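Here's the structure, in structure tokens; my notes come after.
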Amino acid sequence: MKVLIAGFGTVGQGIAEVIGTRQSLFDAMGEKVSIVGAFDSSSLIYGDNLDPKYLVEKKKTTGKVGDKEIPDDVASYIEEADFDILLDTTPTNIDHAEPGLTYILSALHSGKHVITSNKGPLALKFSTLSAAADANGVQLKYEASVGGAMPIINLSKQLLAGENIISLRGILNGTCNFILNRMKEEGLPFYQALREAQDLGYAETDPTYDIDGVDSAAKVAILANAIFGMDVNYYDVVRSGIRNITEDAIALAAEENSVIRLIGEIGGGKLEVAPRLVPMGHPLSIGGTQNMANIITDLAGEITVSGRGAGKNETASAMLSDLISIIRNKE
Amino acid sequence: MKMKINVDLRLKDVPGQLVSALDPISSCGGNIRGVVHHHDVKDGGRIAVNVTFEASSDPVFHRILDEWEKRDVEVAKINSFIETYPIRYLLVGDISSAEMESVTRGLESIENVVSIDVRYTGAATSSSHTALITGTVSSQDTLKTLDDFFYERTQKKNYLLVRGLEL
Ligand SMILES: NC(=O)c1ccc[n+]([C@@H]2O[C@H](COP(=O)([O-])OP(=O)(O)OC[C@H]3O[C@@H](n4cnc5c(N)ncnc54)[C@H](OP(=O)(O)O)[C@@H]3O)[C@@H](O)[C@H]2O)c1
């Protein structure tokens, strides 16, 4: 299988490295996986079998993954280039979903599978993308877009395939969880806990997507489509974030033996992201940066999964599981 | 309103009596939660059975009692309690004490609210206050009514709502 990597930041480099280190696994599956191209916001490289180590090193030392300029019409390039799977790791944009949306659609329309970690296109145009994949007989996989290494989508779609999933509640943003937990444990005001999260590299310089619940709402929209079979988008999710949570609120919650957590919820006709009072000891009262999802199904009852929601290797792990699934389906 | 009822029954010591005693509960729409059959406890020649069940209303419970009377099932003791559901809401923001009073009055006027406790904090110098409202309601529908009440209120008055996550 020939793969083209779109975007070569943290996740793009992570999946390139994992493809390099998992060659024996692909061999054992009787499949050769080679990187035949990669591009970032300004440069492009292509070749028969590019060395992931070389690509990462080049990106680190020069700031560009390729030595050619990125084509003016990337969409046409994607349509015409000879490869089997697009690995889309371009930035999430929740207003217009670009550039990922155009890249993904170009790949699907030209008969290529897509694996993406990018939430924007899925949260805004899920049904369009699914229809394009179906119409062209190819697969669209996106485990990495929700919860990083927490295997919620494939778990629900494959292992729980016969279940009716009644509801889902989850901690879908590790940064918010870290901030709320630091406020509780250390009595820090919100903005100080946020600064700490930024210093530790958990939160972006512009943390709006995290603290205003945008990132969690995008994930709720993706999950609602992917595992509840709804036809909704990001704007259908009722959303409030955590920036107005005060130390007093955290302290009053503690008196009630509870913590405040930003919870994404699907079920009972509700699509919501909001801070909630969670009793201590409840699975969703965890601290740290882990993501966690608690689903209720009609037969199995309650199932809780957790995992690291972000990080280079964690996200690459989720994309690798999608890659393996495409290889298996091909067999 | 959901009632949980625990009854001590006395059954005739002949085969088929237990089924005959439990049958009216299910046929009247009750939900059996537990049965303890005391074979060794005899009271006036009858066998003691303790049954716990849920009924959706008082009339349903009385239909079950009537049916037992017809079937010669003696009822030695009844304990019944209304099932309640906890409520927890935290409000954060510019909430004046007048607004808090108005919220409390609003809550008191909602049907099936059994108890309410309000804790209100915040420095007189700061505009940010926090209120924690806890209590119980006796109907699941009221949970939805309260969610709507708080949602509308916080939207209108522009403060933050943190709802409890029911288990
Ligand atoms: N980081 C995580 O832990 C994580 C976890 C789950 C999901 N995700 C999602 O995965 C995606 C990638 O995240 P990341 O952390 O790797 O981001 P990142 O480090 O900012 O990398 C984004 C890459 O996309 C490239 N890019 C930007 N505009 C482009 C364009 N128009 N065409 C082609 N490439 C373009 C950037 O190019 P330059 O290098 O030239 O700027 C960069 O290489 C995002 O959608 C994110 O939400 C990330």
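The values are calculated or read from the model by the stated rules, or taken from the named source; none is laboratory data. Since this is a predicted model, take the numbers as computed values, not measurements. Cβ placement follows ideal geometry from the backbone for every residue including glycine, while neighbour counts extend to all protein chains displayed. SASA here: full protein model, heavy atoms, side chains in, ligands and nucleic acids out. Shrake-Rupley method; radii C 1.70, N 1.55, O 1.52, S 1.80 Å.
Annotations for the structure displayed:
- Region A:150-186 and region A:266-331 have their alpha-carbon centroids 3 Å apart.
- Among A:Leu101, A:Leu180, A:Leu299, the largest mean-square fluctuation in a Gaussian network model of chain A, built with springs joining Cα atoms closer than 10 Å, belongs to A:Leu299.
- Set B:Lys4/B:Lys77; A:Lys60/A:Lys312; B:Lys12/B:Lys77; A:Lys53/A:Lys312; A:Lys68/A:Lys112 screened for pairs whose C-alpha atoms are more than 18 Å apart: A:Lys68/A:Lys112
- Counting, for every residue in A:271-282, the Cβ atoms of other protein chains within 10 Å of its Cβ and taking the mean gives 4.
- Positive-end residue, the protein assembly as shown charge dipole about Cα centroid, Cβ charges, pick of B:Asn158, A:Asn49, B:Asn50: B:Asn50
- Hypothetical label at A:Ser34: residues of region A:1-16 whose amide nitrogen lies under 12 Å (7 Å Cα-Cβ projection): A:1-3
- Chain B: most fluctuating residue of B:Pro86, B:Pro24, B:Pro15 per GNM, C-alpha cutoff 10 Å: B:Pro15
- Solvent accessible area, Å² - B:Tyr151, 1.4 Å probe, full protein context: 100 Å²
- Within region A:1-131, percent of DSSP bridges classed antiparallel, to nearest 5: 30 percent
- Paramagnetic reach from B:Ala76 (point 7 Å along Cα→Cβ, amide N under 13 Å) across region B:1-26: B:7-13
- With R₀ set to 60 Å, the beta-carbon distance separating B:Leu65 from B:Ser127 gives a calculated FRET efficiency near 0.55.
- Contact residues in region B:82-122 (at least 30 Å² less accessible area with all protein chains than alone, 1.4 Å probe): B:Arg88, B:Leu90, B:Val92, B:Arg119, B:Thr121.
- Most mobile of A:Thr128, A:Thr289, A:Thr205 in a GNM of chain A (Cα contacts under 10 Å): A:Thr205
- Between chain B and chain A, the total buried accessible area stands at approximately 1900 Å², from heavy atoms with a 1.4 Å probe.
- By accessible area with a 1.4 Å probe, ligands and nucleic acids excluded, highest first: order of A:Arg22, B:Arg119: A:Arg22, B:Arg119
- Sulfur and carbon atoms: percent of accessible area, the protein assembly as shown [1.4 Å]: 48 percent
- Part-to-part distance (alpha-carbon centres) for region A:1-70 and region B:44-86, which is given in Å: 72 Å
- Note on surface exposure: A:Ser43, B:Ser102, A:Ser317 rank A:Ser317, B:Ser102, A:Ser43 by accessible area, highest first, 1.4 Å probe.
- When A:Phe126, B:Phe81 are compared by accessible surface with a 1.4 Å probe, the order from highest to lowest is B:Phe81, A:Phe126.
- Placing unit charges on the Cβ atoms only, positive for Lys and Arg and negative for Asp and Glu, gives region A:212-300 a dipole magnitude near 140 debye about its Cα centre.
- With all protein chains modelled, accessible area of A:His113 [1.4 Å, Å²]: 40 Å²
- Where a label projected 7 Å from the Cα of A:Lys330 along Cα→Cβ would reach, residues of region A:1-16 with amide N under 14 Å: A:1-4
- Computed from the C-beta positions of A:Thr61 and B:Thr104 and an R0 of 56 Å, the FRET efficiency is 0.30 to the nearest 0.05.
- A simple spin-label model places the labels of B:Leu18 and A:Glu256 4.4 nm from each other, with each point 7 Å out along Cα-to-Cβ.
- Of the whole protein surface, A:Asp82 contributes about 110 Å² of accessible area at a 1.4 Å probe radius.
- Net charge dipole, chain A: roughly 440 debye, given to the nearest 20, about the Cα centre with Cβ charges of +1 for Lys and Arg and -1 for Asp and Glu.
- Rolling a 1.4 angstrom probe over the protein heavy atoms with all chains in place gives the protein assembly as shown an accessible area of 45 Å² per residue.
- Positive-pole candidate from A:Cys176, A:Thr297, A:His282, dipole of the protein assembly as shown, charges at beta carbon: A:His282
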